[in-house]
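Everything below concerns the one structure shown next.
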Amino acid sequence: MPDSANTPLASTGAAGTIAGPQLAEFEAARATVARVVRITPVETSRHIAEVLGAPVFLKCENLQRTGSYKLRGAFNRLSSLSDEERARGVVAASAGNHAQGVALAARELGIRATIFMPVGVALPKLEATRDYGADVVLRGNVIGETLEAAAAFAAESGAVLIPPFDHPDVVAGQGTLGLEILEQVPDVDTVIVPIGGGGLASGVASAIRQQSLATGRSVRIVGVQAANAAPYPVSLAAGEPVSIPVVPTIADGIAVYRPGNLNFEIIRDTVDEIVTVSEDDVARAIIVLMERAKLVVEPAGAVSVAAILSGAVTADGPTVAILSGGNIDPLLMQRVISHGLAASDRYLTISIMLPDRPGQLARTAELVAAANANVVEVLHTRHGAGREISDVELQLSIETRGPAHKDFVVETLRAAGYDPRIV
């Protein structure tokens, strides 16, 4: 699938024909989750607005308790459990945000929670889940194995399995975010929402669609998936949920191989369009959000902004981009920043073959300095296959100021008789 593939969807009819929670249930869920969730702020970004050509508002669920919107759906689902179900405890499987949402919701409601997480889960997510009071079990090398282990635990222990997205109570909880958006940006024209399994998108789209229809107005909903994990376009084309192979993606929070059944029904009828974004698009968006909006956002939470910056989404009126989470491992952030800088032509690695004689390294460094670029790393080696015995390879990692400056640095080296190759 192309990195910015667009999938237009059919619009729904009357609000009552939408599957899943109805407007009164979204409103009831909002009263329920108000016990624990924050009404997260809406920030503006002049830079992102200039790219889109319309006002842009950032709905900052990265500043929500637990660092993501997941607390909304988890708390609403756990609040609906009977006394008998609460006594049995709950179990969930997650590599991050769902785990923390269930753990905190269970603590607030006095319910014992067991969370299964993959063996290689990021340490900050593991520690946060434990700090919220959950019993954490590390099982499986991939999330599929972890899910199977959680389901087996539920069957053996009687604990209630809390799904991450495919349940009406979860959808209703996530949809409370849509009601907030309508109040905070009453003239909103377009809402851009990340999509994984579809819990957030189905809840937000359904709540907004039903509320806006009730008041006689229209709001456009655009969903965004990572190109490496995009089951919705394929499923919508097939007319039913379809499983796809998931290629690794930095947006692991929305890396789902199959849509939820209920979520698919709702999204099919309430989302106007679905687009996809590349890994480079996401990395660039994270850097723009840090530099221009002063916001730390995880890759899955940044796809809405990535869709704007890449041109995958266009809009004319006030647009809300949902930043769905901010739980990014510092080690991943370090890699993403490096990747994003390279994708933005602000970090360049070049390889140059040089004659093996004194002064060549100094000369190339002088040329780079003359081009007002900064060398941050150097590799100078005589070893390697395919190299003449009288040559050495010089690799320079260079900080640049964007595409034009990158090209200028390369052309400066070429004008001096070198043949730089971008690595």
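The values are calculated or read from the model by the stated rules, or taken from the named source; none is laboratory data. Quick caveat, the model's predicted, so the values are computed rather than measured. Every residue, glycine as well, gets a Cβ built from its backbone with ideal geometry; the counts of neighbours run over all protein chains shown. Heavy atoms of the whole protein, side chains included, go into the accessibility calculation; ligands, DNA and RNA do not. Shrake-Rupley method; radii C 1.70, N 1.55, O 1.52, S 1.80 Å.
Strands (runs of 3 or more DSSP E) wholly in the stretch 75-179 with at least 3 residues that are out of contact with any helix residue (DSSP H, G or I) (no Cβ under 6 Å at 6 or more places or on another chain) and open to solvent by 30 Å² or more (accessible area, probe 1.4 Å) - which ones?
Output list reads 135-138.
So Ile322 fits all but one of (1) of a type in the set (A, V, I, L, M); (2) modelled with pLDDT of 90 or more; (3) over 23 Å from Leu289 (Cα atoms); what number is the exception?
(3)
Consider only pairs whose beta carbons are under 7 Å apart and that are at least six residues apart or on different chains; among these, list those whose first residue lies in the stretch 148-166 and is farther than 25 Å from Ala201 by Cα and whose second residue is open to solvent by less than 20 Å² (accessible area, probe 1.4 Å) and part of a loop (DSSP other than H, G, I, E, B).
Between residues of the stretch 148-166 that are farther than 25 Å from Ala201 by Cα and residues that are open to solvent by less than 20 Å² (accessible area, probe 1.4 Å) and part of a loop (DSSP other than H, G, I, E, B), the close pairs are Ala149/Gly140; Phe153/Ala159; Ala159/Gly89.
Is it the case that Leu71 is at pLDDT 95 or above, of a type in the set (A, V, I, L, M, F, W, C) and assigned to a helix (DSSP H, G or I)?
Against the criterion (at pLDDT 95 or above, of a type in the set (A, V, I, L, M, F, W, C) and assigned to a helix (DSSP H, G or I)), Leu71 qualifies.
Could you say which residue among Ala238, Ala201, Ala283, Ala230 is out of contact with any strand residue (DSSP E or B) (no Cβ under 6 Å at 6 or more places or on another chain) and in contact (Cβ under 8 Å) with a residue 24 or more places away in the chain?
Result: Ala283 is the single residue among Ala238, Ala201, Ala283, Ala230 that is out of contact with any strand residue (DSSP E or B) (no Cβ under 6 Å at 6 or more places or on another chain) and in contact (Cβ under 8 Å) with a residue 24 or more places away in the chain.
Of everything in the stretch 187-224, what is in a helix (DSSP H, G or I), over 19 Å from Cys60 (Cβ atoms), among the small types (Gly, Ala, Ser) and in contact with a Ser or Thr (Cβ under 9 Å, 6 or more places away or on another chain)? Give them in sequence order.
Ser202, Ala205, Ser206, Ser212 - these are the residues of the stretch 187-224 that are in a helix (DSSP H, G or I), over 19 Å from Cys60 (Cβ atoms), among the small types (Gly, Ala, Ser) and in contact with a Ser or Thr (Cβ under 9 Å, 6 or more places away or on another chain).
Can you say whether Pro241 is open to solvent by 10 Å² or more (accessible area, probe 1.4 Å) and at pLDDT 95 or above, as far as the supplied structure shows?
yes
Which of the strands (runs of 3 or more DSSP E) contained wholly in the stretch 248-366 include at least 2 residues that are buried (at least 24 other Cβ atoms within 10 Å of the Cβ) and not β-branched (Val, Ile, Thr)?
Passing ranges, in order: 319-323.
Can you pull out the residues in the stretch 47-82 that are small (Gly, Ala, Ser) and within 18 Å of Val185 (Cβ to Cβ)?
Selection gives Ala49, Gly53, Ala54.
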